[in-house]
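Everything below concerns the one structure shown next.
No lab work stands behind these numbers, since they all come straight from the coordinates. Computed from a prediction, not measured in an experiment: that's the story for all the values here. Cβ: placed from backbone, ideal geometry, glycine included. Neighbour counts: every protein chain shown.
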């Protein structure tokens, strides 16, 4: 670790629990592209401009490229994304059951499209940092609001899957972030206590999860969609990105 992440708590850490999007993977590149693919997939049945406007329910403004740090796209689960958009379509007058199926299918197509188009990319310098942390003997885990299988696919796409002892998505726990479930389950599966783990993430939900779980240290990275100032109120330390966790 470098001087920015040394201090009380770090010396106890045997495991590092990473959020995925905005922490390891370039959030805007992947997820704004993913949103556009959802709109495209739905455009054969629904009016694309309407669907694009309805993405406000996810905290997304595609025209301006804005993502709300507390919106569903930033911290929601796949199920929350699906159900919220389907409900929006139903309120607009489309049949609810059909809308739910259509949105589910669009989401699946969008996942495939972003992978095929190479939109799943690591944040600059993060891949090298993960490899170094892995070589230093830390147990590494991903705890994400995404589905486990898709998170595994993403890590495989960027060539870092072999570095992680565990990948855990919201489909494997009862309550997602900011509840402590993901962190607690990761610690249980890794065979450690929360007091031996650090949580690293780019949202206040990550930091709240870590604190609720009793993690040894909560490290916020300003490489996602949340401002450093907002993160500072919940984290033990805020740094620019995971790339700054290790000395060059």
**Asked** How do 189, 81, 160 line up, fewest other C-beta atoms within 10 Å first?
**Response** 189, 160, 81
**Message:** Which residues does the label zone of residue 63 cover in the stretch 69-100, counting backbone N under 15 Å from a point 7 Å along Cα→Cβ?
**Reply:** none
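Starting from the Cα-Cα distance between residue 165 and residue 232, subtract it from 0.36 nm times their residue separation and give me the gain in nm to one decimal. Write down the numbers at each step before the final one.
Numbers: separation 67, 0.36 × 67 = 24.12 nm, distance 2.87 nm.
Extra length available between residue 165 and residue 232 comes to 21.2 nm.
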**Message:** Just to be sure I understand the model, the point goes 7 Å from the Cα along the line to the Cβ. What's the resulting residue 121 to residue 196 distance in nm?
**Reply:** 3.9 nm
**Fill in**
Cα-based Rg and Dmax for the stretch 28-116, in Å, come out at 11.7, 33
**Order by protection proxy (mean Cβ within 10 Å, highest first), peptides 120-130, 176-186** = 176-186, 120-130
**Request:** Evaluate the distance, in nm, between pseudo-label points positioned 7 Å from the Cα of residue 105 and of residue 43 along their respective Cα→Cβ axes.
**Result:** 1.7 nm
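Looking at the square roots a ≥ b ≥ c of the eigenvalues of the Cα gyration tensor of the chain, which shape do they give, rounded for a/c under 1.5, prolate if a/b is larger than b/c, or oblate? Walk me through the intermediate numbers first.
On the way: a/c = 1.99, a/b = 1.88, b/c = 1.05.
Prolate.
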**Message:** Within the stretch 155-186, name every residue whose backbone N is under 19 Å away from a label modeled 7 Å from Cα of residue 128 along the Cβ vector.
**Reply:** 158-161, 163
**Message:** Order 9-22, 104-117, 208-221 from most to least packed using the mean count of other Cβ atoms within 10 Å.
**Reply:** 208-221, 9-22, 104-117
**Request:** Please work out, to two decimal places, the log10 of the ratio I(q)/I(0) at q = 0.11, 0.14, 0.16, 0.22 Å⁻¹ from a Debye calculation in which every Cα of the stretch 90-166 carries one identical scatterer.
**Result:** -0.42, -0.59, -0.70, -1.03
**Prompt:** For the chain, what is the calculated [θ] at 222 nm in deg cm²/dmol (nearest 500), taking -39500 (n - 2.57) for each run of four or more DSSP H residues and dividing by its residue count?
**Reply:** -13000 deg cm²/dmol
**Item:** Helix 181-190 axis, angle to the chain major axis (alpha carbon atoms, nearest 10°)
**Value:** 50 degrees
